[in-house]
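Student: Below are the C-alpha cells for one structure; questions will follow.
Since every read-out is calculated from the coordinates, none of them should be taken as a lab result. These numbers come from a predicted model, not from an experiment. In this analysis, Cβ positions are derived from the backbone assuming ideal geometry, glycine residues included, and neighbour counts consider all displayed protein chains.
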Amino acid sequence: MPIPDSDKLLIFMLASLSLAVLPGPVVMYIIARSISQGRRAGVVSAMGAAVGSLAHVAAAALGISALMVSSALAFQAVKYLGAIYLIYLGIRKLLDKTSDHQALTLTSESLRRIFLQALLVNVFNPKLALFFLAFLPQFVELEKGGAIAQVLILGCIFILIASMSDTLYGLVAGSIGSYLKGNQKFWRLQRYFAGGTFISLGLVTAGMDVHPE
C-alpha cells in the first residue's frame, strides 16, 4: 500500500494537528457541550465529529482522484483557490472581535442526539472540506500510484489526530467550564492563534510543488 515519505508525512501530521486544535465549528461545539453537560458529553461529541470526518475522507478520495486524471489545470486551480480561502479565513479571524464565548450556552440533550449533532456539524464544516480538497492533495505522491489509497491513509491519520485533540478539548472544557465562560483573555488569544494558523496553512498550500499529471 503506497505511503507518503516520512518527511511529507511528518509535515502533514503537524498541519493536521494545527488544524485540529483550531477553535473552529466542531471545537466550539465540543467546548459548548462540555461546559453545558460535562466531560461525557464532550467525549461523545468528539466521537460524533470523528464519524462525520469520514464523509470528507470519502469525498476527497473520489474528488481528488477525478481531478488528477482529468485536468492538471483544474487541480492547480483548486489548490490556489484553497490557499486564498485559507488566508482569507485567517485574516477574517484576526479581525473578528466577536465574543465567541457568549454563544456557548446550549440546552441539555441526550448523548445520542449530541453524537448526531456533532456528526452533522463536521459533515457540513466548510473548513474541514477545504482541508481535504485543497490541502491534503499536496501530500499525495502520484509516482507511487494508488492516489485514492494515499488519500484514505492520510485522511485516517487526520481523523486519529483530530479525535485525540477533540477528546482532550472535551475533557478539559468539562473540567474548567466555569472558568472558560468568563475568561476574555482566552478567547482573544485563541482568535490570534487561529487566524495565524489559517494564514500559515494557506501559504504552505500555495507554495507546495505539485504535478497532478
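Student: Taking Cα centroids, how far is the stretch 117-178 from the stretch 1-40 in Å?
Tutor: Distance between centres, Cα-based: 6 Å.
Student: Going by C-beta contacts inside 10 Å, put Phe124, Phe131, Phe193, Phe115 in order with the fewest on the left.
Tutor: Values: Phe124 12, Phe131 25, Phe193 15, Phe115 20.
By the 10 Å Cβ count, ascending: Phe124, Phe193, Phe115, Phe131.
Student: For the stretch 1-52, what class follows from the C-alpha gyration tensor (a ≥ b ≥ c being the square roots of its eigenvalues): rounded when a/c is under 1.5, otherwise prolate if a/b is larger than b/c, else oblate? All intermediate terms of the calculation are to be shown ahead of the outcome.
Tutor: Working: a/c = 3.87, a/b = 2.40, b/c = 1.62.
Judged from the Cα gyration tensor, the stretch 1-52 comes out prolate (a/c at least 1.5, a/b above b/c).
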